[in-house]
Amino acid sequence: MLFFRNDYGQGCIPEILEQMNQTNMQSHVGYGEDEICMHAKQLIQSKMVDHTVDVHFISGGTLTNQTVIKSMLRPFEAVISCDTGHIATHETGAIEATGHKVITVQNVNGKLTPALIQKSFDEHMLTYEHLVYPKMVYISNGTEFGTVYTREELTALHEKCQELGLYLYMDGARLGAALMSGVDYSLNDLAAWCDVFYIGGTKNGALMGEAVVIINDSLKPYFRFCMKQNGAMMAKGWLLGIQFAGLFENDAFYTVAKHANEMAAQIQDALFDLKYPFLMKSDTNQIFPVVNENEYVFLKEKVDFELWENRKEGKVIRFVTSWSTTQEQVDALITLLKQAKELKEE
């Protein structure tokens, strides 16, 4: 069966596996204070030459979001997210479990806008102490729909957050795919716009791990205390360091993301040519076609993918490519998509 369910269903890129084999019998201090983590942090810092940042490694995305938000907000403060944001949908109430409300607003192609932020902020100022205080804006880049923020959009979000005194936090679980989608900005630019963001390794060729990048100096102190209290500090921290050393020493982070995007673009182009409807056009490695019942049943027997949403017009499904997706797998999927389109509706 072809696998297009997610971009974390395989192990890791060879560069990481090689480093793990080479260091397997070495001894290290724990909790991320080893020389491998220090090296990986330096590699990430080198991508943001105009900023001095703190870098911390955490094992997974939900734990990262929970730890970062818990560390940034006071007990009565809340976070604004679009209704499709990962913290609002796929994290089992992890943020609310820390005592912080997630204020959801309707998404625009998976994105937040300055106008939506302003409206939500104004609504919570009407009765002031009787409502939670919006203090942070959460965005994903790429978004849960595979779309990507433009330079202009991020600049506008930054300016709105500065105007209202809000922190801007970017979930970068698929940041590699976003950066390699053709945008005209880099990690260095993101550090100018965000107070905190994270670089996703789990969904971009690492065995596990996310790299939290803290730019705002006021948010840097005591973050490791919050990590430890939240169960986010690994004893074998060097294993996370290896992931990001492997991703950034020779820029594999960008290479594998570019590959995943290119594989996805071929599938999306084929779907367009075959006249499949779409939930929306994707810029990255997640693709959301709409199929009828016959097409769904046919494809489900031969391809591992995710059912995203049931709609009146059909089933929205999701194909995801990764660092390990091959040209042969893409060609095979496109052949099946052609065959599915030739089925007669009952």
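The values are calculated or read from the model by the stated rules, or taken from the named source; none is laboratory data. Predicted model only: the values in this text are computed from it and were never measured. Every residue, glycine among them, receives a Cβ derived from its backbone with ideal geometry; neighbour counts consider all protein chains shown. Remember, those area values only see protein heavy atoms, side chains included, never the ligands or the DNA or RNA. Shrake-Rupley method; radii C 1.70, N 1.55, O 1.52, S 1.80 Å.
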With every protein chain kept in place and a 1.4 Å probe, the residues 255, 147 fall, from largest accessible area down, as 255, 147
Most positive-pole-ward Cα, 78, 125, 48, against dipole of the stretch 1-140 from beta carbon charges: 125
Kirkwood estimate for the stretch 1-81, i.e. one over the average of 1/r between Cα atoms, Å: 16.4
Magnitude of the charge dipole, the chain, Cβ model with Lys/Arg +1 and Asp/Glu -1, debye to 20: 480
Calculate the spin-label point distance for residue 229 paired with residue 216, positioning each point 7 Å from the Cα along the beta-carbon direction, and give it in nanometres. 1.7
Tell me, in nm to one decimal, what length is gained between residue 90 and residue 339 on full extension, where the rule is 0.36 nm per residue of separation less the Cα-Cα distance? 86.3 nm
Carbon-plus-sulfur fraction of the accessible area of the chain, 1.4 Å probe, in percent? 52
In range of the label at residue 280: residues from the stretch 108-139 whose backbone nitrogen is under 13 Å from the point 7 Å along Cα→Cβ: 108-113
The percentage of Cα-Cα pairs in the stretch 162-232 separated by more than 15 Å is 61
Distribution of pairwise C-alpha distances over the stretch 208-346, 5 Å bins, in %: 2, 8, 15, 16, 13, 9, 10, 10, 8, 6, 2, 1, 0
Report, for the chain, the % of DSSP beta bridges that are antiparallel, rounded to 5. 55
Roughly how many whole Å is it from the C-alpha centroid of the stretch 219-288 to that of the stretch 64-119? 20
Under a straight-distance cross-link criterion of Cα-Cα below 27 Å, which lysines are reachable from residue 135, leaving out those fewer than 8 residues away in the same chain? 70, 101, 111, 119, 160, 220, 228
As a check on your grasp of the helix formula, calculate [θ] at 222 nm for the chain: sum -39500 (n - 2.57) over DSSP H runs of n ≥ 4, divide by the residue count, round to the nearest 500. -12000 deg cm²/dmol
Length gain on complete extension for the stretch residue 126 to residue 192, per 0.36 nm per residue less the alpha carbon to alpha carbon distance? 20.6 nm
Kirkwood hydrodynamic radius, the stretch 290-346, all distinct C-alpha pairs: what's the number in Å? 12.1
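So with the 1.4 Å probe, I'd like the accessible area per residue for the chain, rounded to whole Å².
Per-residue value: 44 Å².
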Within the chain, excluding any trypsin sites (Lys or Arg not before Pro) found in a DSSP loop (not H, G, I, E or B) and having at most 16 other Cβ atoms within 10 Å, the longest uninterrupted segment runs 6-235
In nm, to one decimal, how far is the modelled label at residue 302 from the one at residue 46, with both set 7 Å along Cα→Cβ? 4.6
Which distance in Å, rounded to a whole number, links the C-alpha centroids of the stretch 148-184 and the stretch 1-57? 24
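Given DSSP loops and a limit of at most 14 other Cβ atoms within 10 Å, what is the longest stretch of the chain that contains no such chymotrypsin sites (Phe, Trp or Tyr not before Pro)?
Counting at most 14 other Cβ atoms within 10 Å as exposed, the longest clean stretch of the chain is 77-221.
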Cα extents of the chain along the three principal axes, largest first (Å): 62, 60, 35
Provide Rg over Rh for the stretch 194-284; use the alpha carbon set for both Rg and the Kirkwood Rh (inverse mean inverse pair distance). 1.12
